[in-house]
Amino acid sequence: MNEKDITELTELLATPKKIAIIPHRSPDGDAMGSTLGLYHFLLKLNHQPVVISPNNFPNFLDWLPASETVLVYENEKDKVAKILNEQEIIFTLDFNALHRTGEMENVLNKLTAPMVMIDHHQLPDTYAKYTYSDTGFGSTCEMVYNFIGFLNQKTLIDKTIATCLYTGILTDSGGFRYPKTTGTTHRIAAEFIDLEIDNSEIPTLLFDNNSYDRLQLLGRALQNMKVIPELKTAYISLSQQELDEFNYVKGDTEGIVNYGLTIKGIVFAAIFIENRDEKIVKISFRSQGTFDVNQFAREHFSGGGHINAAGGKSEDTLTNTIKKFETIISKITI
Ligand code: 5GP
Ligand code: MN
């Protein structure tokens, strides 16, 4: 973020404002942690912030401080659209293209309030007046920490803000494992621990939140896994019928795609999840090393993300989507 933007934003934030903070659709730990972290920070700066999620967030994040205040656009569209129109600044966090908010994009496109993007995905769109976009960071939460620093307000970071930001740092780094985890990431985490965040309880809440049904669903997913050693690829499929069988709730399939990469020699993993309501197959891609799944998702499955973690979708059937996938990978070098 350049000096001019920082100066202008400092001025904008010098007097109390109505501020909306928006994560991407189907928000994950980083999207919810960064938006709520910024929410608590802006509250301390005497603003009137509100976090507006395009759709419901998963239950495993419902312990995040102030998650009960989050408004969900898809649950009360008219009311939330009206509130959005009253805002003086719009922060968009953990995404870089307005279509990532789903149908809410139509409302956002018409707003005149200045937008601020804080995000770490590739190829940002140009909708924001102020853009802090850097793919070098492992999480948007780490960038929100820096953003607070740009405003010279690090002393305002308290246990509540730190708890939110630690959440996204932890989830988006796979527990400090992924390559973008730096010494600085750990130093920030250390600062948060000094602020007495519960660094033992937070990972438990995030990662050990299984229901019996979820474990059974995981079992089915692992049994469905297909491994193609010569293409260094493993993929999983879950049909809507299988999700129903195990009483699927939002969040239950989180992280399952990663199991493919735990097999020796596998560098490309995918999961295909049928969604009957939305009439799509939602796809997650993960890779290890140089195989760029962001590019793969953009090129073939209307998606995007990062080099090693991306997502996309297909409007075809589950079977046809997987056939298409198999055809594509048989023709490329992985
Ligand atoms: P996940 O597979 O966990 O849903 O997402 C992995 C990464 O890819 C996340 O950073 C997410 O924001 C991004 N991503 C997931 N689905 C999509 C999509 O449909 N479009 C784009 N552009 N990015 C996606
Ligand atoms: Mn993120």
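The values are calculated or read from the model by the stated rules, or taken from the named source; none is laboratory data. No experiment lies behind these values; they were computed from the predicted model shown. Heads up, the Cβs are rebuilt from the backbone with ideal geometry, glycines too, and the neighbour counts pull from every protein chain shown. For the accessible areas, the whole protein counts, side chains as well, though only heavy atoms, and no ligand, DNA or RNA atoms are used. Shrake-Rupley method; radii C 1.70, N 1.55, O 1.52, S 1.80 Å.
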Mind listing whichever residues of the stretch 289-325 are in contact (Cβ under 8 Å) with a residue 60 or more places away in the chain, open to solvent by 20 Å² or more (accessible area, probe 1.4 Å) and more than 20 Å from ASP125 (Cβ to Cβ)? ASN308, LEU318, ILE322
Screening PHE150, PHE137 for residues that are in contact with a helix residue (DSSP H, G or I) (Cβ under 6 Å, 6 or more places away or on another chain) and either basic (Lys, Arg) or within 16 Å of ligand 2 (Cβ to nearest atom) (or both) leaves only PHE137
Within the stretch 279-288, tally of residues that are surrounded by fewer than 23 Cβ atoms within 10 Å (Cβ to Cβ) and either in contact with a helix residue (DSSP H, G or I) (Cβ under 8 Å, 6 or more places away or on another chain) or modelled with pLDDT under 95 (or both): 1
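Of everything in the stretch 107-129 that's within 16 Å of GLN87 (Cα to Cα) and open to solvent by less than 30 Å² (accessible area, probe 1.4 Å), which residue is nearest to the chain's Cα centre (by Cα)?
Taking the stretch 107-129 first, the residues within 16 Å of GLN87 (Cα to Cα) are 107-117, 128-129.
Subset that is open to solvent by less than 30 Å² (accessible area, probe 1.4 Å): 107-108, 111, 113, 115-117, 128.
Details: VAL107: 21, LEU108: 19, LEU111: 23, ALA113: 24, MET115: 19, VAL116: 17, MET117: 14, ALA128: 19 Å.
Filtering the stretch 107-129 for residues that are within 16 Å of GLN87 (Cα to Cα) and open to solvent by less than 30 Å² (accessible area, probe 1.4 Å), the one nearest to the chain's Cα centre (by Cα) comes out as MET117.
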Condition broken by ILE157, with the remaining ones in (1) modelled with pLDDT of 95 or more; (2) open to solvent by 30 Å² or more (accessible area, probe 1.4 Å) satisfied: (2)
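Yes or no: the stretch 165-174 includes at least one residue that is within 16 Å of ligand 2 (Cβ to nearest atom) and either charged (D, E, K, R) or at positive phi (or both).
Narrowing the stretch 165-174 to residues within 16 Å of ligand 2 (Cβ to nearest atom): 165-174.
Imposing the further condition that a residue be either charged (D, E, K, R) or at positive phi (or both) reduces the set to 172, 174.
Yes, because at least one residue in the stretch 165-174 is within 16 Å of ligand 2 (Cβ to nearest atom) and either charged (D, E, K, R) or at positive phi (or both).
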Filter the stretch 249-264 for residues that are away from ligand 2 (no atom under 16 Å from the Cβ) and open to solvent by 50 Å² or more (accessible area, probe 1.4 Å) and give the result. VAL249, LYS250, TYR259, THR262, ILE263, LYS264
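Within the stretch 150-172, how many residues turn out to be part of a loop (DSSP other than H, G, I, E, B) and either assigned by TED's automatic domain parsing to the domain that holds GLU254 or among the basic types (Lys, Arg) (or both)?
Selection size over the stretch 150-172: 0.
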Return the pairs, sorted by first residue and then second, in which the second residue is open to solvent by 30 Å² or more (accessible area, probe 1.4 Å) and more than 16 Å from ligand 2 (Cβ to nearest atom), the first residue lies in the stretch 26-45 and is at pLDDT 95 or above, the beta carbons are less than 6 Å apart, and the residues are 6+ apart or on different chains. HIS40/THR160; LYS44/LEU156
How many of the residues in the stretch 129-149 are more than 14 Å from ASN2 (Cα to Cα) and assigned to a loop (DSSP other than H, G, I, E, B)? 5
Considering only residues that are open to solvent by less than 50 Å² (accessible area, probe 1.4 Å) and assigned to a helix (DSSP H, G or I), which ones fall in the stretch 173-212? GLY183, THR185, ILE188, ALA189, ALA190, PHE192, ILE202, PRO203, LEU206
